[in-house]
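The values are calculated or read from the model by the stated rules, or taken from the named source; none is laboratory data. The shown structure was predicted, so the numbers you read here are calculated from the model rather than taken from an experiment. Here Cβ is always computed from backbone atoms with ideal geometry, including for glycine, and neighbour counts include all displayed protein chains. Note: areas computed on protein heavy atoms with side chains; ligands, DNA, RNA excluded. Shrake-Rupley method; radii C 1.70, N 1.55, O 1.52, S 1.80 Å.
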Amino acid sequence: MLELSIDFLPGPRPTGRARIPFQPTAGRGRAGMTVMRALTAVLTALALVAIGGRGAHATETPGQRCSSAKSKAAAKQVAAKLKCYENATQRGVAVDSTCLTSAEMRFRAAFAKADAGGGCVVSEDLGVVDVVAQTCVNEIVARTPAASCGTFLTAWGSFGTGNGQFGGRIAVAVDASGNVFISDSANSRIQKFDNFGNFRSAWGSFGSGNGQFSVPDGVAVDANGNVFVVDFDNSRIQKFDNFGNFLTVWRSFAQFNPPGEVAVDASGNVFVTEPVTSHIAKFDDFGNFLTVWGGFGGSNGQFNVPGGLAVDASGNVFVTDSNNDRIEKFDNNGGFLTAWGSTGDGNGQFITPIDIGVDANGNVFVTDMDRIQEFDNAGNFLADVTNGVLNPGPIAVDASGNVFVAVINEQIQKFACPSLGLPGLCGGQGALCGKGSAGCCLGLGLACQVVPGGGERCMPT
């Protein structure tokens, strides 16, 4: 049992502190749901934080009435912000900053109203009270058990030709708004879904004209929502806007050899794997060739069938070197940085790695034979997050840390992987920490530690 103390104001008041009993329990994510218990306790405590009920107002001094009003305002802010986190967790998305800001504004308005009533003591500074209230939110959320990485959220899809159905190999990408794009190879189309798998639209048909496909494969989305599709049998890359309107097309570096996977960095540069020639080609946002690197082999910077491709927020490029059973990491222009992996089924080993995704903290997710492994940005093993997924293939990670995996039975499965921690509060496992950060979630047993090759990150103590 954990007791969290709310001691908002130093001014005169009959009851100086409200204690909230808080019992962490396991459940479905942060909503499983000690936060709800904390909410109830906070709301119940409102009467305790103030001075003992409505009937006492007749005997209160002006200073006590002001302190009571400000304490209620602060406690209501705590409850409202916890509700923001609860709602976000139930939906499997990042906490809504608008929700948090609204709670903050209501608190400030109530605080100002109390000041306007007169009798308030000088020490009741809004900024001080606000920090204490935010600390209370931080403690409750940080000490609420998080969903373990790999917690199943939802799934959709089946074999067929209808909306929401797929045929053959499917690849997956997610835009900044959480929309999910699926290349439906056998049906020669791209399908768009919301973050929960609800069908939104589709475009494409079989052929070689603009907006048509012959085995669409890899798919990626840039910061502006433009969608890039590997048109495999037509040996080209096609670019569309977020609604499927055709924008441009270009051939891959090898011209008439089919491209494999595609990824886009924050600046709009497009990276494409060339499996036949074992190269990675880089283009600008309009398809103009910039550079190429690689070649067949097993040395650093070489490949034996480059497969999956991903780019982190810093522009580093990660490639699954499938037949060498390893991951290679490059800078944005193809300069070799590091590699990890060997043949096997142990942690950090691979049996023909298939695809790769990177989250907002730079953590790397790799699918290989019947499992999904998570690494930090330098290749240090973090966790096996397979959680029963059978035959995982193409993978993508959204801004909230949700992982989307295409599996062999024409289905997309979505999992929680809350490595982002608490936005504006503290960092979860794998989050960057150190100077300028909000710090690590102590309630989750994390501390800022130096990770070889990965800088300072929040890791278990």
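Structural remarks
- Tally of residues being surrounded by 17 or more Cβ atoms within 10 Å (Cβ to Cβ) and out of contact with any Ser or Thr (no Cβ under 7 Å at 6 or more places or on another chain) across region 267-281: 8
- Scope region 363-381; condition open to solvent by 10 Å² or more (accessible area, probe 1.4 Å), out of contact with any Gly (no Cβ under 6 Å at 6 or more places or on another chain) and under 21 Å from F415 (Cα atoms); matching residues: M369, D370, R371, E374
- Strands (runs of 3 or more DSSP E) fully within region 291-368 counting 3 or more residues that are closer than 18 Å to V172 by Cα: 306-311, 317-321, 355-358, 364-368
- Filter result for V292 (at pLDDT below 95, of a type in the set (V, I, T) and at negative phi): yes
- The one condition from (1) in a strand (DSSP E or B); (2) modelled with pLDDT of 95 or more that G218 does not meet is (2).
- Note on region 221-245: residues that are within 18 Å of R200 (Cβ to Cβ), open to solvent by 10 Å² or more (accessible area, probe 1.4 Å) and in a strand (DSSP E or B) total 1.
- Just so you know, in region 153-181 the residues that are part of a strand (DSSP E or B) and touching a Lys or Arg at 6+ places or on another chain (Cβ under 8 Å) include one that is nearest to N234 (Cα to Cα), and it is F181.
- Filter result for the condition that a residue is open to solvent by less than 40 Å² (accessible area, probe 1.4 Å) and not acidic (D, E), over V264, V249: V264
- Residue check, D355 within 23 Å of A220 (Cα to Cα) and crowded, with 24+ Cβ neighbours inside 10 Å: yes
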